[in-house]
Amino acid sequence: MAAEIAFITEATVVQAPPVDCAFAHSFHNEGPSSVSTPMSSERSALGLQRIALLKDLPRERLEQLARQCQWQSLPAGQPLMLRSEHKSDVVFLVSGRLRVTTYAASGRQVTFRDAQDGEHFGEISAIDGRPRSADVVTLQPSVVASLDRVAFLALLRDEPAVAERVLRNLAGLVRQLSERVIDLSTLAVQNRVHAELLRIGQAAGVQDNQARLDPAPTHAELASQIGTNREQVTRELNALRRDGLLAKEGRALVLVDVRRLERMVEEVRGAA
C-alpha cells in the first residue's frame, strides 16, 4: 500500500480499539513501544503468498523473501510507523487491519485510509530514501513482515512484474489524492460525506444496487477522513436515512441506492 502520500448511532457500532490523542502524542515522542513479538516460527512463504504485490512469484523466491523479512505479531492499537521517522523498509500485512493516519500538533487525527491483509505500504520511503509521511497503527491484532530497502530495491530490479505493480499502485495513489484534494477544496461537508460513503461502498462491493459496510465506520472515523467533525457527520447520515438512501442493519450500514448516490456525487463534482 502506498500509504505515504471511517455511522447512524455510534454507540451501537462495534469498532477496533482507538488510539487516543495522548497515546498518539506519546508514541511520537518516544517511538513505537516494544510490545511487538518476533514471529520467527512463521517465516514462511505461505504468509507472503497472501500479498497482492508478490502474486505469482515462484515458491523459491517467496521463501528467500520470507527469510529476508523481519516478522512481527502486533496487538491492536500498536503504532507500526511514525510520521517523519527515518526508516525505509517496506511492510507486508500478512493478517490483520491497519490504519494510515497522522496527527496535527493539536492532537486532531487525519485518516488517510485503512489497510486490509494482503496489502503493503512504505514503498515511497524505500524508493526515495526520505522520512515517512504518515503514521500507521494496528486496528486489529496483526502479523506483518518487513523487508529492508536494499532487498526491496533488488526485488524491483529482479522482478519486472512486481515493479510494474508498484508503479500502478503509485499512479492509483496520485489519482486518489488528486480527487480527495478537489473534494476537500470544492465540496461542502454534505457532499463530502456522500462521496466518502460512495467510495467505501464501492470498495466493499456493490450488488443489486446496494453496498453493505460491515462493520460500519464510526462517525468520528468518517469525520477524520473528510476533514470535519463528528456532529456534522451525524447530521448528514441521519438526513440520508430519512431520504431512504441509508439503512442500519446490526453492526452494518447499507447504502440502499448506490446509483442515486453516484448521481448526487457526480452532479456536485461537475458543478464544482
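Only the coordinates and a few stated rules stand behind these numbers; no lab work does. Values in this document were obtained by computation on a predicted structure and should not be read as measured data. Every residue, glycine as well, gets a Cβ built from its backbone with ideal geometry; the counts of neighbours run over all protein chains shown.
Size estimate for segment 66-152 follows the Kirkwood approach: the inverse of mean 1/r over distinct Cα pairs works out to 13.0 Å. Run the Debye formula on the Cα coordinates of segment 185-232, all scatterers equal and no solvent, and tell me log10 I(q)/I(0) at q = 0.27, 0.28 1/Å. With one equal scatterer per Cα and no solvent, log10 I(q)/I(0) is -1.03, -1.07. Of the three principal axes defined by the Cα atoms of segment 203-272, the extents in descending order read 30, 27, 24 Å.
If you add up the charges near V110, with Lys and Arg at +1 and Asp and Glu at -1, over every other residue whose beta carbon is less than 13 angstrom from its beta carbon, what do you get? Mind dumping the intermediate values first?
Working: positive: R83, R99, R108, R113, R180; negative: D135, E221.
That sum, taken over residues with Cβ under 13 Å, equals +3.
With a Förster radius of 30 Å applied to the C-beta separation of A239 and K87, the computed FRET efficiency comes to 0.10. Amide H to amide H, with H built 1.01 Å from N, S142 comes under 5 Å of L74, counting only residues 5 or more places away or on other chains.
Using a simple spin-label model with pseudo-atoms 7 Å out from Cα toward Cβ, D208 and R175 lie 3.0 nm apart.
For D117, list long-range residues whose amide hydrogen, built 1.01 Å from N in the peptide plane, is under 5 Å from its own amide hydrogen. Those qualifying (amide H under 5 Å, at least 5 residues apart or on another chain) are G96.
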